[in-house]
Amino acid sequence: MAEALKPGWRVWDRAGRNLSAASDMGVSSTPSPQHPHRQQQFSSLEDKPQFPGASAEFVDKLEFIQPNVISGIPIYRVMDRQGQIINPSEDPHLPQEKVLKFYKSMTLLNTMDRILYESQRQGRISFYMTNYGEEGTHVGSAAALDTTDLVFGQYREAGVLMYRDYPLELFMAQCYSNVSDLGKGRQMPVHYGCKERHFVTISSPLATQIPQAVGAAYAAKRANANKVVICYFGEGAASEGDAHAGFNFAATLECPIIFFCRNNGYAISTPTSEQYRGDGIAARGPGYGLISIRVDGNDVFAVYNATKEARRRAVAENQPFLIEAMTYRIGHHSTSDDSSAYRSVDEVNYWDKQDHPISRLRHYLLGRGWWDDEQEKAWRKQSRKRVMEAFEQAERKLKPNPNLLFSDVYQEMPAQLRKQQESLARHLQTYGEHYPLDHFEK
């Protein structure tokens with residue numbers, strides 16, 4: 001027999017009928033033989049929610065969920081700042097050759113950044129964005145992927161292409177918009193793309209790559225392609241509506257995708273303290289149904305381990321993963337930015353001198369006896385020479401033919417576009433002496 005309701009309780013059925021009235025009069029809630037028509041009554045603990053939109057239990061106490069219900073998500077790391085492995089069981093045990101490729105990719109990217117940044121400052125190219133301080137997020141994640149996995153970048157993932165052996169000559173050609181540029185000079189500098197290396201061309205609008213990457217991942221799932229899509233973005237881009245749409249679609253469609261967030265502290269000039277109130281980006285994952293982790297982005301092995309496991313499970317289980325890599329943008333946002341206006345020199349120097357991903361990996365190599373000061377000196381000289389040769393070659397090359405402005409969009413050029421092309425031809429024929437046409441391919 002059901003237990004009588006306690007005095008003071010009020011229980012209603014789903015039709016809104018007060019089931020506790022009898023109990024208030026000292027009468028058992030159990031149906032009596034004299035009233036066989038009375039419905040079976042249940043206590044509130046037996047009344048389970050049937051709402052289709054959530055999985056939960058009823059409670060009888062008014063309590064709002066606080067923003068910090070998911071807070072203090074730990075940061076996974078493998079190496080400390082001196083390059084020492086903290087937990088031997090987490091050591092990826094990578095061969096010397098592979099770790100040296102990590103290091104050389106990161107330092108070569110750093111060297112290229114310095115030369116191209118100065119090139120822009122000298123007026124040789126129009127724009128540039130450095131990757132200082134975030135090299136570990138690029139290389140660690142790229143190394144954990146299959147070479148055929150599709151990459152959607154934002155605009156600070158040049159190290160992914162660097163690790164996939166994208167030639168320095170093509171980096172330079174893109175930034176100089178010369179005839180060797182795969183994009184035919186139509187893009188701003190640092191907007192790389194390479195079909196052969198499965199790297200989708202970067203576009204400037206923030207976060208547009210996120211829903212696009214989900215669509216590609218869904219297509220890969222439908223085709224049983226046995227590969228993953230990785231989508232890079234910053235914590236600033238995570239504030240865009242496209243991020244919400246992408247996360248939700250990926251979870252509900254169960255897509256094999258890795259969302260890789262580089263949380264570098266600043267969305268251009270906006271610090272994270274003004275960007276969001278929750279515990280970073282990883283805390284958002286569970287709300288969307290994303291399997292999530294936060295890693296030390298300055299620890300290339302932690303990034304590698306997390307990405308490798310996320311890739312394995314994403315393909316095997318058709319599940320989306322969210323990796324939040326905590327790092328720091330040492331350079332200005334771009335050559336259009338002066339970060340001294342919103343952060344101190346001491347803050348930047350700390351990350352540059354005390355917790356740099358390249359320094360941490362160098363400590364690891366030195367400790368293993370895989371690298372020494374002489375090798376460092378020789379490699380720095382060699383890498384600078386390689387970058388300068390590609391730089392000088394790019395400067396000497398002609399710009400693409402101006403007629404390429406109108407091609408590669410329509411199979412048959414529409415009348416309006418043809419009219420614009422003819423207008424440009426007439427303009428150059430009349431005023432061509434005022435343009436450096438000898439710098440362009442005929």
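The values are calculated or read from the model by the stated rules, or taken from the named source; none is laboratory data. As the structure is a computational prediction, the values presented were derived from the model and not from experiment. We place every Cβ from the backbone using ideal geometry, glycine too, and count neighbours over all the protein chains shown. These accessible areas exclude ligands, DNA and RNA; they are computed on the full protein's heavy atoms, side chains included. Shrake-Rupley method; radii C 1.70, N 1.55, O 1.52, S 1.80 Å.
Give Gly331, Gly289 a once-over and let me know the one that is open to solvent by 30 Å² or more (accessible area, probe 1.4 Å), of a type in the set (Gly, Ala, Ser) and in contact (Cβ under 8 Å) with a residue 12 or more places away in the chain.
Every option except Gly289 fails the conditions.
What is the one condition in (1) at pLDDT 95 or above; (2) assigned to a loop (DSSP other than H, G, I, E, B); (3) of a type in the set (Gly, Ala, Ser); (4) out of contact with any helix residue (DSSP H, G or I) (no Cβ under 8 Å at 6 or more places or on another chain) that Ser89 does not satisfy?
So the condition that Ser89 fails would be (2).
Could we say that Arg124 is outside any loop (DSSP other than H, G, I, E, B), of a type in the set (Lys, Arg) and over 16 Å from the mean Cα position of the chain (by Cα) here? Even if it seems obvious, please write down each step before you answer.
Values: outside any loop (DSSP other than H, G, I, E, B): no; of a type in the set (Lys, Arg): yes; over 16 Å from the mean Cα position of the chain (by Cα): yes.
For Arg124, the condition - outside any loop (DSSP other than H, G, I, E, B), of a type in the set (Lys, Arg) and over 16 Å from the mean Cα position of the chain (by Cα) - is not met.
What residue, of Ser269, Ser273, is of a type in the set (S, T, N, Q) and farther than 24 Å from Asn68 by Cβ?
Exactly one residue qualifies, and that residue is Ser269.
May I ask you to verify whether Thr208 is at pLDDT 95 or above, of a type outside the set (A, V, I, L, M) and open to solvent by 40 Å² or more (accessible area, probe 1.4 Å)?
Here the answer is no, as Thr208 does not meet what is asked.
Return the residues of the range 373-387 that are touching a residue at least 60 places away in the same chain (Cβ under 8 Å) and open to solvent by less than 50 Å² (accessible area, probe 1.4 Å); say none if nothing qualifies. Step through it out loud before you land on a result.
At the first step, the residues of the range 373-387 found to be touching a residue at least 60 places away in the same chain (Cβ under 8 Å) are 379-380, 383-384, 386-387.
Result: Trp379, Ser383, Val387.
Identify, please: which residue in the range 76-85 is in a loop (DSSP other than H, G, I, E, B) and open to solvent by less than 90 Å² (accessible area, probe 1.4 Å) and is, among those, nearest to Tyr364 (Cα to Cα)?
Filtering first and then ranking leaves Gly83.
Please go through the range 167-177 and pick out each residue that is surrounded by 23 or more Cβ atoms within 10 Å (Cβ to Cβ) and either within 13 Å of Glu395 (Cβ to Cβ) or aliphatic (A, V, I, L, M) (or both).
Within the range 167-177, the first condition is being surrounded by 23 or more Cβ atoms within 10 Å (Cβ to Cβ), and the residues that meet it are 171-172, 174-176.
Residues satisfying the conditions are Met172, Cys175, Tyr176.
Condition check ((1) part of a loop (DSSP other than H, G, I, E, B); (2) hydroxyl-bearing (Ser, Thr, Tyr)) across all residues:
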site: Ser273; (1), (2): no, yes
site: Asp279; (1), (2): yes, no
site: Pro286; (1), (2): no, no
site: Ser292; (1), (2): no, yes
site: Tyr328; (1), (2): yes, yes
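If I filter the range 184-197 for residues that are under 21 Å from Ala144 (Cα atoms), surrounded by fewer than 24 Cβ atoms within 10 Å (Cβ to Cβ), touching a residue at least 60 places away in the same chain (Cβ under 8 Å) and over 13 Å from the mean Cα position of the chain (by Cα), do I get at least one hit?
no
Does Ala158 satisfy the criteria of being open to solvent by less than 30 Å² (accessible area, probe 1.4 Å) and under 24 Å from Pro256 (Cβ atoms)?
no
Please verify whether Leu322 is on the phi < 0 side of the Ramachandran plot and loosely packed, with under 15 Cβ neighbours inside 10 Å, treating the condition exactly as stated.
Judged against the criteria, Leu322 is not a match.
Taking interchain pairs and intrachain pairs at least six residues apart, which have beta carbon atoms under 7 angstrom, with the first residue in the range 238-260 and in contact (Cβ under 8 Å) with a residue 24 or more places away in the chain and the second basic (Lys, Arg)?
Close Cβ pairs satisfying both conditions: Cys255/Lys221; Pro256/Lys221; Ile258/Arg311.
Go through the range 273-285 residue by residue and tally those that are buried (at least 16 other Cβ atoms within 10 Å of the Cβ) and either over 23 Å from Gly136 (Cβ atoms) or out of contact with any Cys (no Cβ under 6 Å at 6 or more places or on another chain) (or both).
Number satisfying all stated conditions: 8.
Among the residues of the range 95-108, are any in a loop (DSSP other than H, G, I, E, B) and open to solvent by 10 Å² or more (accessible area, probe 1.4 Å)?
Yes, the range 95-108 contains at least one residue that is in a loop (DSSP other than H, G, I, E, B) and open to solvent by 10 Å² or more (accessible area, probe 1.4 Å).
Tell me, please, whether a residue that is touching a Leu at 6+ places or on another chain (Cβ under 6 Å), within 16 Å of Asn263 (Cα to Cα), touching a residue at least 12 places away in the same chain (Cβ under 8 Å) and part of a helix (DSSP H, G or I) can be found in the range 301-319.
Checked the range 301-319: no residue is touching a Leu at 6+ places or on another chain (Cβ under 6 Å), within 16 Å of Asn263 (Cα to Cα), touching a residue at least 12 places away in the same chain (Cβ under 8 Å) and part of a helix (DSSP H, G or I).
If Ser269 passes every condition in (1) in contact (Cβ under 8 Å) with a residue 60 or more places away in the chain; (2) crowded, with 18+ Cβ neighbours inside 10 Å but one, which one does it miss?
The failed condition is (2).
Looking at the range 111-128 only, could you name the residues that are open to solvent by 10 Å² or more (accessible area, probe 1.4 Å) and touching a residue at least 24 places away in the same chain (Cβ under 8 Å)?
Thr111, Ile115, Tyr117, Gln120, Arg121, Arg124, Ile125, Ser126, Phe127
Sort out which residues of the range 399-440 are open to solvent by 70 Å² or more (accessible area, probe 1.4 Å) and touching a strand residue (DSSP E or B) at 6+ places or on another chain (Cβ under 7 Å), and write them in order of number.
His439
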